[in-house]
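The values are calculated or read from the model by the stated rules, or taken from the named source; none is laboratory data. Please read these numbers as outputs of a predicted model, since none were measured by experiment. Cβ placement follows ideal geometry from the backbone for every residue including glycine, while neighbour counts extend to all protein chains displayed. For the accessible areas, the whole protein counts, side chains as well, though only heavy atoms, and no ligand, DNA or RNA atoms are used. Shrake-Rupley method; radii C 1.70, N 1.55, O 1.52, S 1.80 Å.
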Amino acid sequence: MGAVLASPLARADRIYRIGFLVQKAGTWLVDPFTSALRQHGWVAGRTVELEVRLSASPADIDALAKGLVASRADVIVVVGTHMAAAAKRATAKTPIVMYLSGWPVEGGLVQSYARPGGNITGLSTYGGSDKLFAKFLGLLKELVPSLREMAVVWDYVAPMFLEKEVEQGVGELERAAAALGVRSRDLPIHAQADFDQALSTMESAPIQAIFATSGPFNSQPQNLQRLGEVATRRRLPIMCDIAGSTFQNIGTLAYSVSWDEAAMRCASFVDRILRGANPAELPIEQPKNFQLVLHAGRAKRIGLAIPPALLVRADRVIE
């Protein structure tokens, strides 16, 4: 039978179906989640069946979400607020757990962090704090002391992402930049043509760094390659808001949620829901651990010396 908001306690005589909706570039998130589930006693192929749906472009997210609902998933795990919004459009009944998200309350996706209501709960990377972007920009300024202007390749955009959420994020970033005397040259990516134009702008703009998000346009393999080529040619470091696909392929610096922690906490939500908890009453959690990750090899290739004080504080340095 399909999942309901307050399902019966887990039974030993059935296999539960977990849907997993993620961008194609984020497939590496599946294994940590599966391992975390195992620590709660849920073993793929024995007590749970994991149905992974990979989004290749923004246009297919709604269809994939509807497909997971049609498959009668007992719970749907989503990576990103845009995935959560698509899943919510597909069902008001099946529990939805956010592996990570942006501003689900500020964006109007749920009622509150303490009591989300409805069928969505999970993790929020940014929500409830206005200090994270100040941290991003402070680290970037430390990496590039001469920073006066940066390009912001921002693909967390409406209508895919929640309009109020987008306003919140862009506003926090701009305020953080202004406080440091840095001009933020915003390059929102609503379509592939916007990305192409952003690359053209960055070829000649008087910028000293790039801030790139990890949404569905920037994460496209061909776009990652092209953005990386521009950054290398112009000797510009790229800072990322999370150590996701953008950072893994072309980033120089990231201050990111701990993926191990995110996987464990996401699995904990799924475990509680499968054992009968109501998602409407499970408070949305926020990360406790962030990691400073530096790619020294890429910094060296563009002739950028990472300050020793930054290296000492790094949780991980990639050569």
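Taking the listed residues Gly127, Gly122, the one that is closer than 30 Å to Asp74 by Cβ, in a strand (DSSP E or B) and under 15 Å from the mean Cα position of the chain (by Cα) is Gly122, with no other qualifying. Would you call Leu50 under 27 Å from Glu281 (Cβ atoms), touching a residue at least 12 places away in the same chain (Cβ under 8 Å), out of contact with any Ser or Thr (no Cβ under 7 Å at 6 or more places or on another chain) and not aromatic (Phe, Trp, Tyr)? It is false that Leu50 is under 27 Å from Glu281 (Cβ atoms), touching a residue at least 12 places away in the same chain (Cβ under 8 Å), out of contact with any Ser or Thr (no Cβ under 7 Å at 6 or more places or on another chain) and not aromatic (Phe, Trp, Tyr).
Could you tell me which residue of the stretch 145-158 is nearest to Glu203 (Cα to Cα), considering only residues that are open to solvent by less than 10 Å² (accessible area, probe 1.4 Å) and over 16 Å from the mean Cα position of the chain (by Cα)? Here the residue is Ala151.
Considering (1) open to solvent by 10 Å² or more (accessible area, probe 1.4 Å); (2) assigned to a strand (DSSP E or B), the lone condition that Phe20 does not fulfil carries the number (1).
Go through the stretch 281-296 residue by residue and tally those that are assigned to a helix (DSSP H, G or I) and either open to solvent by less than 10 Å² (accessible area, probe 1.4 Å) or under 26 Å from Trp42 (Cβ atoms) (or both).
If we filter the stretch 281-296 for residues that are assigned to a helix (DSSP H, G or I), which is where we start, we get 281, 296.
Cutting the leftovers down to either open to solvent by less than 10 Å² (accessible area, probe 1.4 Å) or under 26 Å from Trp42 (Cβ atoms) (or both) gives us 281.
Result for the stretch 281-296: 1.
For Ala134, indicate whether it is surrounded by 15 or more Cβ atoms within 10 Å (Cβ to Cβ), in contact with a Lys or Arg (Cβ under 9 Å, 6 or more places away or on another chain) and either free of Cβ contacts under 8 Å to residues at least 12 places away in the same chain or more than 19 Å from Leu100 (Cβ to Cβ) (or both). Judged against the criteria, Ala134 is a match.
The set of residues in the stretch 161-178 being in contact (Cβ under 8 Å) with a residue 24 or more places away in the chain, hydrophobic (A, V, I, L, M, F, W, C) and in contact with a Ser or Thr (Cβ under 8 Å, 6 or more places away or on another chain) consists of Phe161, Leu162, Leu173, Ala177. Where residues in the stretch 244-256 are open to solvent by less than 10 Å² (accessible area, probe 1.4 Å) and modelled with pLDDT of 90 or more, which of them is farthest from Asp315 (Cα to Cα)? Looking at residues that are open to solvent by less than 10 Å² (accessible area, probe 1.4 Å) and modelled with pLDDT of 90 or more, I get Thr246. Within the stretch 179-213, the set of residues being of a type in the set (Gly, Ala, Ser) and in contact (Cβ under 8 Å) with a residue 40 or more places away in the chain comprises Ala179, Ala198, Ala205, Ala209, Ala212. Scanning the stretch 71-87 for residues that are open to solvent by 10 Å² or more (accessible area, probe 1.4 Å) and free of Cβ contacts under 8 Å to residues at least 60 places away in the same chain returns Ser71, Val79. State yes or no: is Ala59 at negative phi, of a type in the set (A, V, I, L, M, F, W, C) and either touching a Cys at 6+ places or on another chain (Cβ under 9 Å) or at pLDDT 95 or above (or both)? No.
Criterion first (at pLDDT below 95 and surrounded by fewer than 18 Cβ atoms within 10 Å (Cβ to Cβ)) does Asn278 satisfy it? Before you say what the answer is, go through the steps one by one.
Values: at pLDDT below 95: no; surrounded by fewer than 18 Cβ atoms within 10 Å (Cβ to Cβ): yes.
For Asn278, the condition - at pLDDT below 95 and surrounded by fewer than 18 Cβ atoms within 10 Å (Cβ to Cβ) - is not met.
With the structure loaded, tell me whether Phe161 is open to solvent by 10 Å² or more (accessible area, probe 1.4 Å) and over 22 Å from Pro307 (Cβ atoms) or whether it fails that test. Against the criterion (open to solvent by 10 Å² or more (accessible area, probe 1.4 Å) and over 22 Å from Pro307 (Cβ atoms)), Phe161 qualifies.
Suppose we keep only residues that are assigned to a helix (DSSP H, G or I) and hydrophobic (A, V, I, L, M, F, W, C) within the stretch 164-189. Which one would you say is surrounded by the most Cβ atoms within 10 Å (Cβ to Cβ)?
Applying the filter and picking the extreme gives Ala177.
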